[in-house]
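Here's the structure, in structure tokens; my notes come after.
The values are calculated or read from the model by the stated rules, or taken from the named source; none is laboratory data. If you're wondering where the values come from, they're calculated on a predicted model, not measured in any experiment. FYI the Cβ positions are ideal-geometry reconstructions off the backbone, even for glycines, and counts take in every protein chain you see.
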């Protein structure tokens, strides 16, 4: 077991923050790269195995995001854990990975990490070959739009409930898909603390 160093006073932030957890390498999971539903299910199995015994679980994140179904699986199952889950961003945390971080009991990031989130978008492109099928295409577009709208509402509700900024600011950042450094992420409440190396 190695101890995560206490943060010293940082003149840039004017804050004194301590990392109060001990890192147990045997209780670590990794969310990396782009993930899908199969990867999420594998991670949940490992999460439940760790949750059977007492102790904090560490979820290391260095990910560009993943698909919506994978995000929902991981978010719900992390939220159900009996033990505390500590999310540690070490590198990039974008899109669905940022939403998964919000399910953690404690959300941390290393100083050089970057985070970001955005609403779902779904470019639709097709060629209509037969006017007789126009109703099918209209229904398809309506269904996809409703799916996007419902999921964007979920995304916004999660972020508004976890962050220190109002709904309008969350909405603005999500529309822009802005990349946030750790100072901004801390200020906005996307993370709880910045950890040292």
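Quick one: how many residues across the stretch 165-180 are loosely packed, with under 15 Cβ neighbours inside 10 Å and either in contact with a strand residue (DSSP E or B) (Cβ under 6 Å, 6 or more places away or on another chain) or in a loop (DSSP other than H, G, I, E, B) (or both)? Adding up the residues that qualify gives 4.
If you take the residues in the stretch 112-140 that are loosely packed, with under 14 Cβ neighbours inside 10 Å and modelled with pLDDT of 85 or more, which one is nearest to residue 193 (Cα to Cα)? Going through the qualifying residues, I end up with 112.
Residue count for the stretch 45-76 under the criterion of being assigned to a helix (DSSP H, G or I) and within 15 Å of the chain's Cα centre (by Cα): the result is 9.
Taking the stretch 77-91 as the range and being part of a strand (DSSP E or B) and either out of contact with any strand residue (DSSP E or B) (no Cβ under 6 Å at 6 or more places or on another chain) or surrounded by fewer than 18 Cβ atoms within 10 Å (Cβ to Cβ) (or both) as the test, the residues that pass are 90, 91. Cβ-Cβ contacts under 9 Å between residues 6 or more apart (or on different chains), taken from a first residue in the stretch 172-197 that is in contact (Cβ under 8 Å) with a residue 40 or more places away in the chain and on the phi > 0 side of the Ramachandran plot to a second residue that is in a loop (DSSP other than H, G, I, E, B) and buried (at least 21 other Cβ atoms within 10 Å of the Cβ), are listed as 177/95; 177/117.
One residue alone among 100, 155 is crowded, with 17+ Cβ neighbours inside 10 Å, assigned to a helix (DSSP H, G or I) and touching a residue at least 60 places away in the same chain (Cβ under 8 Å), and that residue is 100.
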